[in-house]
Structure formats: structure tokens, C-alpha cells
Amino acid sequence: MDLELQQMYKMQNELDRRIESERGLEKEDLLDEKVLALLVEIGELANETRCFKFWSSKPPSPKETILEEYVDGVHFLLSIGLILPYEVPQQVTLPKVADINPVHAFLKVYESVSIFKNNEDDINNYNRLMEDYLMIGRVLGFTIEEIKDAYLSKNQVNHARQDEGY
């Protein structure tokens, strides 16, 4: 399955430029802030899935809540790609899911963020991070259509928040 990224990168670029312009951040290097934001979003996503909470019998949050947290991470992942001199791929193939434990998928993404951060100049590290994050989406059972629709919806929410002075 392929996820078309051109439109999502374009929309993310418009949102990023708007935020940077309205906040006077056009000349700021925001890579570290965006990497930290991605890490926080990954943690929030894991928290909603409750996949690591072996001590609790409380079920995961509703799928819609988990999907919204997931696309929050997509926003920052795209935003990171826009900062770096990477050529935006036309599309990426979502990995096939075997018997992958969600906890292992989350740990793999955290590892990929660390590898990326330690060598930001290697496009392969960003691509691996993108693939590993998409793997979480697959492990959580999201379709391409759900991811794209949720991204588009959240992008509108993010613009509305900026209109309201968020």
C-alpha cells in the first residue's frame, strides 16, 4: 500500500510557514524543538494505546483518539523533513505487518529518532524514521485512507487554532 506524501508535505509546509511568519521565527533553527515534539507525540500515542501498561486492565482509548495522536506525530515528522534538504518522495509504501508487538514498534521508532538526531545529514536515517513511524500506524491497524483523512482534518484544526491565537 502506498501513501501519497506530496500533498501532505505541501500542506505541512504551508502550516509551518504560517506559524513561523506569525511568530517571527523565519530565521530560527527549530529542528531540535520539532524532534522533541515528535518524541512527546510518540509518547502520547503510546499512552493512548496503553500497549505497555501491563499493570492495568483499562482498555485503550477509542480508535479515533489514537488515530488523532498518530497524525500529530505525522505532522512533526513531515515538518522535520521540510527543515532538512531532503527531496520529498512521491509516495512511500506502508510496510506489511507480520506479528509485530506494538511495544517493539514504539521502541524501534524511539531508536530511529535517536539515530536520526545523531546523524541528521544522512537521508537514510530520516527515511528509516519515516518507515518505522508508518509501521506503528500499520501495527495499530490504520489504513492509508484513515491516515490521510485524519491528517487533512487535523491540519484544518491546526490552522483554526492559529486563527484563534493558539
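The values are calculated or read from the model by the stated rules, or taken from the named source; none is laboratory data. Note that the structure is a prediction, hence the values are computed from the model and not measured. Positions of Cβ are generated from backbone atoms using ideal geometry, with glycine treated the same way; all protein chains shown enter the neighbour counts.
A few comments on the model shown:
- Every residue from region 1-18 that is surrounded by 15 or more Cβ atoms within 10 Å (Cβ to Cβ) and touching a helix residue (DSSP H, G or I) at 6+ places or on another chain (Cβ under 7 Å): LEU3, MET8, TYR9, MET11, GLN12, ASN13, LEU15, ASP16
- Within region 19-36, considering residues that are in contact with a helix residue (DSSP H, G or I) (Cβ under 6 Å, 6 or more places away or on another chain) and surrounded by 13 or more Cβ atoms within 10 Å (Cβ to Cβ), the one nearest to VAL103 (Cα to Cα): VAL35
- PRO60, sole failed condition from (1) in contact with a Phe, Trp or Tyr (Cβ under 9 Å, 6 or more places away or on another chain); (2) closer than 19 Å to LEU140 by Cα: (1)
- Restricted to helices (runs of 4 or more DSSP H) entirely inside region 1-98, those with at least 2 residues that are closer than 17 Å to VAL113 by Cβ, modelled with pLDDT under 95 and under 15 Å from the mean Cα position of the chain (by Cα) are 63-83.
- Looking only at region 108-166, and only at residues there that are within 17 Å of ARG18 (Cα to Cα) and assigned to a loop (DSSP other than H, G, I, E, B), the one that is modelled with the lowest pLDDT: TYR166
- For the criterion of being closer than 25 Å to ALA160 by Cα, surrounded by 19 or more Cβ atoms within 10 Å (Cβ to Cβ) and aliphatic (A, V, I, L, M), LEU39 fails.
- If you filter region 117-163 down to residues that are among the acidic types (Asp, Glu) and out of contact with any Lys or Arg (no Cβ under 7 Å at 6 or more places or on another chain), you find that the one that is nearest to LEU31 (Cα to Cα) is GLU120.
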